[in-house]
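Inspection log for the structure reproduced underneath, given as structure tokens.
What follows draws every value from the coordinates through simple rules; no lab data is involved. Only a predicted model underlies this, so the values are computations on that prediction, with no experimental measurement involved. Reconstructed Cβ throughout: ideal geometry from the backbone, glycine too, with neighbour counts over all protein chains shown.
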Amino acid sequence: MPILEAKNLTYTYSVGSPFEKTAVDHIDLQIEQGDFVGIIGHTGSGKSTLMQMMNGLLKPTEGTVLLDGSDIWDKKADRRAVRFQVGLVFQYPEYQLFEETVYKDIAFGPKNMGLDEKEIDRRVRETAEAVGLTEELLEKAPYALSGGQKRRVAIAGVMAMEPKVLILDEPTAGLDPRGRTKILTQLSEYHKRTGCTVMLVSHSMEDVAKYVSKLLVLSHAKVICYDTPANVFARGSSLEEIGLALPQITRVFHGLRERGITFPDEVYTVKYGAELLRRALEGGKSGC
């Protein structure tokens, strides 16, 4: 049974007004326990709206969201508990930091769960370490940190609730390449260590390609495809038609294929592309 499931999920803004717009249009989706899912789509494709319905912040216009098989909008459902189990990190989450110290900000969620001080302290320190925050930073005021550090504090605050599903909406937005890589690497390590299901919203296929196990592609409120990265990138021309840029390394290998130099697999990470080229140069089975 999937941990999170959308059935015929639809959300329409400003129903009955001249500004009525369907942001999510009859989507069916199953997220399995332990998956690392990348959600890709152009601006306005429905990514953020879908994630907020999965978390219970938005009530669907039609359809249902199931968490462990239970409808989160059932009359008996505890949506406060749902939001502890499906943690959502908004875009630019550092703007929501408000406590006096980093420690208190990370502790805010666990404290509201009613946990004792010992458990709260364990979670704060473990998640701070997981996102690369040192002990000395815990007693600093959030405003005294760099932009990347603030971002990691905000992510740690949601991680500290130890949700079954961690959803992040553009967690690397506005960061430089080094900052993006650091956060994505830490999220990947967190996923491997905890087995938590992670859903990562991004505009950039290049950023998520080497980390996720599944890719969900949205366009105009609908699912275009939901599959492994290799199978998604094999549909390169279809993705480009809806305005999505393939990773540079994928475009390089597509160019080689057009020139008659073929390889057995779809390439979407630099590391794998380099390995294929090394084998080809050494006379391995590359298909050249």
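Hey, what did the chain get for relative contact order, percent, Cα under 8 Å, at least 6 apart? Could the numbers behind the result be given before it?
Numbers: 532 pairs, mean separation 60.1, N = 288.
Relative contact order of the chain: 21 percent.
Can you compute 3J(HN,Hα) from phi for each residue in region 59-76, using the Karplus curve 6.51 cos²θ - 1.76 cosθ + 1.60 with θ = phi - 60°, rounded to whole Hz and x for Gly and Pro?
My calculation for region 59-76 gives 8, x, 5, 9, x, 9, 10, 10, 10, 6, x, 10, 5, 6, 9, 5, 4, 8 Hz in order.
Take the alpha-carbon positions of region 1-117, form their convex hull, and give its projected area averaged over all directions (one quarter of the hull surface) in nm². List each step's numbers first, then the result.
Values: hull surface 38.8 nm².
Quarter of the Cα hull surface area: 9.7 nm².
What's the magnitude of the charge dipole for the chain around its Cα centre, counting Lys and Arg as +1 and Asp and Glu as -1 at the beta-carbon? Answer in Debye, nearest 20. Write down the numbers at each step before the final one.
Details: 36 positive and 39 negative charges, 80 e Å.
Roughly 380 debye for the chain.
Can you give the helix-only mean residue ellipticity at 222 nm for the chain, where every DSSP H stretch with n ≥ 4 adds -39500 (n - 2.57) and the sum goes over all residues, rounded to the nearest 500 deg cm²/dmol? Show your work: numbers first, answer last.
On the way: 11 runs with 109 residues, N = 288.
Computed mean residue ellipticity for the chain: -11000 deg cm²/dmol.
Quick one: which of 234-241, 106-113 comes out on top by average Cβ neighbours within 10 Å, and what's the full order, highest first? Mind dumping the intermediate values first?
On the way: 234-241: 15.1, 106-113: 20.1.
For the peptides 234-241, 106-113, the packing ranking is 106-113, 234-241.
Per residue of region 112-125, what does 6.51 cos²θ - 1.76 cosθ + 1.60 with θ = phi - 60° give for ³J(HN,Hα)? Whole Hz please, x for Gly and Pro, Karplus curve as stated.
Along region 112-125, the couplings run 6, 7, x, 6, 7, 4, 5, 5, 4, 4, 4, 5, 4, 5 Hz.
Give or take rounding to whole Å, what are the principal axis extents of the alpha carbon atoms in the chain, in descending order?
63, 52, 37
Rounding to the nearest 10 and keeping the result within 0 to 90°, find how far the Cα-based axis of helix 270-281 lies from the longest principal axis of the chain.
Helix 270-281 sits roughly 20 degrees off the main axis of the chain.
Please list 3J(HN,Hα) in residue order for region 4-10, calculated via the Karplus relation 6.51 cos²θ - 1.76 cosθ + 1.60 where θ = phi - 60°; whole Hz, with x for glycine and proline.
9, 9, 10, 10, 6, 6, 9
For a quick size check, give me the Cα extents of region 1-50 along its three principal axes, largest first, whole Å.
Projected onto its principal axes, the Cα set of region 1-50 covers 42, 22, 11 Å.
For region 184-223, what is the largest minus smallest coordinate of the Cα atoms on each principal axis, given in angstrom and ordered from greatest to least?
35, 19, 12
Below 8 Å between Cα atoms, with a sequence gap of 6+, how large is the relative contact order for region 101-233 in percent?
Reported as a whole number, the value is 21 percent.
Using only the Cα atoms of region 49-99, what do you get for the radius of gyration and for Dmax, in Å?
Just the Cα atoms of region 49-99 yield Rg and Dmax of 12.3, 38 Å.
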